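Student: I'd like to ask you about the structure that follows.
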Amino acid sequence: GGAGYIGSHTCKALARQGHTPVTLDNLVYGHEWAVKWGPFYQVDIQDKEEVLKVLLKEKIEAVIHFAAFAYVGESHQNPLKYYQNNVLGSMSLLEAMKNANVLKFVFSSTCASYGIPERTPIEETFPQEPINPYGRSKLIVEKILQDYAQPFSFCSIALRYFNASGADADLEIGEDHDPETHLIPLTLDAALGRRKEITVFGTDYPTEDGTCVRDYIHVSDLAQAHVLALENLQEPGFEAFNLGTGKGASVKQVISEVAAVTGREVPVVFGERRPGDPPALVASGEKAMKKLKWSPQHSDLRNIISTAYHWQEKHFGKR
């Protein structure tokens, strides 16, 4: 998944630390233009034999696994697609790793594994009760990793992301999903006239302004956490870390900030709540900060939106 949004930013961070990232991606959602810092192989995660060949040929030391489908709505409509790719694909990858004697693994997990938390900020010890097939598929893989540790001396870390956002400060790579479902790029599209409007789903949540609150984390900070996780893969076992800032921003706050950054009004319509949207998802990132020595450096909301805006201007062109 190194040709995707978070994967490509992580490859850049790895290269800056002196590593050589080798990207395997089937390009269903990834982009070959985003692969800039090491070899690229167009391979599907479920093609175990081809994955094994690359692991052996490139003398791979560790694997970071981003290759998942991640559309919550689609996961409700087509759950088997998500279990096939996210669960069976991960199992195929793990078997190829075992056969190549590659025993270090960083897993791209999600805050969706917690479901609707009783309170925030969310700690790693909170119950994991996902409310959609996407979140369940990630949780199943976490359980597999826990079971994998002892018999194979396997070292793994799961990084549970909150809301990945922003773009590379150098504007070499950024967010380009099709379809796009994330609030910040959609709001920028509305401000810049690339879409008619942005819909706010629900204004009666028990939050300060009635709209959902989320923990936005800059993609470059997420990328750095993967580098630090690799360096912490020392002993067999499984460990999980939340990646978030501990601060939430509401949908209305994001829209207001987009208007401030772009200098343009954002056309907004208000709709009903979407089923399964928790009022607030905010991380406790203390464990990652203490154990991984990770500290978000780029996740101020103004900086997140500014980098995303400048990336969109460059990548999609000015209108």
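The values are calculated or read from the model by the stated rules, or taken from the named source; none is laboratory data. Source: prediction; values computed, not measured. Here the Cβ positions follow ideal geometry from the backbone for every residue, glycine too, while neighbour counts run over all protein chains shown. Heavy atoms of the whole protein, side chains included, go into the accessibility calculation; ligands, DNA and RNA do not. Shrake-Rupley method; radii C 1.70, N 1.55, O 1.52, S 1.80 Å.
Student: Out of all the residues in the range 192-202, is one or more outside any strand (DSSP E or B), in contact (Cβ under 8 Å) with a residue 12 or more places away in the chain and among the hydrophobic types (A, V, I, L, M, F, W, C)?
Tutor: So the first thing to find is which residues in the range 192-202 are outside any strand (DSSP E or B), and the list is 192-197, 202.
From what is left, the residues that are in contact (Cβ under 8 Å) with a residue 12 or more places away in the chain are 192-194, 196-197, 202.
Keeping just the survivors that are among the hydrophobic types (A, V, I, L, M, F, W, C) gives 192.
Yes: one or more hits.
Student: Looking at the range 284-318 only, could you name the residues that are of a type in the set (A, V, I, L, M, F, W, C) and more than 21 Å from E124 (Cα to Cα)? Show your work before the answer.
Tutor: Taking the range 284-318 and keeping what is of a type in the set (A, V, I, L, M, F, W, C), we get 288-289, 292, 294, 301, 304-305, 308, 311, 316.
If the condition is that a residue be of a type in the set (A, V, I, L, M, F, W, C) and more than 21 Å from E124 (Cα to Cα), then L301, I304, I305, A308, W311, F316 are the ones that fit.
Student: Can L228 be described as modelled with pLDDT of 95 or more, surrounded by fewer than 22 Cβ atoms within 10 Å (Cβ to Cβ) and under 21 Å from the mean Cα position of the chain (by Cα)? Steps first, please.
Tutor: Numbers: modelled with pLDDT of 95 or more: yes; surrounded by fewer than 22 Cβ atoms within 10 Å (Cβ to Cβ): yes; under 21 Å from the mean Cα position of the chain (by Cα): yes.
The answer is yes for L228.
Student: Turning to a different aspect of this structure: Are any residues in the range 63-79 of a type outside the set (A, V, I, L, M, F, W, C), surrounded by 15 or more Cβ atoms within 10 Å (Cβ to Cβ) and either touching an Asp or Glu at 6+ places or on another chain (Cβ under 8 Å) or modelled with pLDDT of 95 or more (or both), and if so, which ones? Break it down stepwise before answering.
Tutor: Of all residues in the range 63-79, those of a type outside the set (A, V, I, L, M, F, W, C) come to 65, 71, 73-79.
Then drop every residue that is not surrounded by 15 or more Cβ atoms within 10 Å (Cβ to Cβ), which leaves 65, 71, 74-76, 79.
The answer is H65, P79.
Student: Let me ask something additional. Please identify the pairs in which a residue from the range 227-254 that is over 12 Å from A158 (Cα atoms) has its Cβ atom under 6 Å from the Cβ atom of a residue that is modelled with pLDDT of 95 or more and of a type in the set (D, E), counting only partners at least 6 apart or on another chain.
Tutor: Final answer for the pair search is G244/D215; T245/D215; G248/D215; S250/D209; K252/D209.
Student: Going through the range 19-62 one residue at a time, which ones are surrounded by 17 or more Cβ atoms within 10 Å (Cβ to Cβ), among the aromatic types (F, W, Y) and outside any strand (DSSP E or B)?
Tutor: The answer is Y29, W37.
Student: Please return the ranges of helices (runs of 4 or more DSSP H) entirely within the range 237-319 where 1 or more residues are within 24 Å of V227 (Cβ to Cβ) and either touching a Ser or Thr at 6+ places or on another chain (Cβ under 6 Å) or open to solvent by less than 20 Å² (accessible area, probe 1.4 Å) (or both).
Tutor: Values: elements: 251-262, 286-291, 301-316.
Here the list reads 286-291, 301-316.
Student: If you don't mind, there's one more thing I want to ask. Pairs needed: first member in the range 36-65, in contact (Cβ under 8 Å) with a residue 60 or more places away in the chain; second member anywhere, basic (K, R) and surrounded by 15 or more Cβ atoms within 10 Å (Cβ to Cβ); C-beta distance under 7 Å; at least 6 residues apart or different chains.
Tutor: A62/K104
Student: Restricting attention to the range 163-173, does a residue exist that is surrounded by fewer than 24 Cβ atoms within 10 Å (Cβ to Cβ), in contact with a Phe, Trp or Tyr (Cβ under 8 Å, 6 or more places away or on another chain), aliphatic (A, V, I, L, M) and closer than 20 Å to S295 by Cβ?
Tutor: Yes, the range 163-173 contains a residue that is surrounded by fewer than 24 Cβ atoms within 10 Å (Cβ to Cβ), in contact with a Phe, Trp or Tyr (Cβ under 8 Å, 6 or more places away or on another chain), aliphatic (A, V, I, L, M) and closer than 20 Å to S295 by Cβ.
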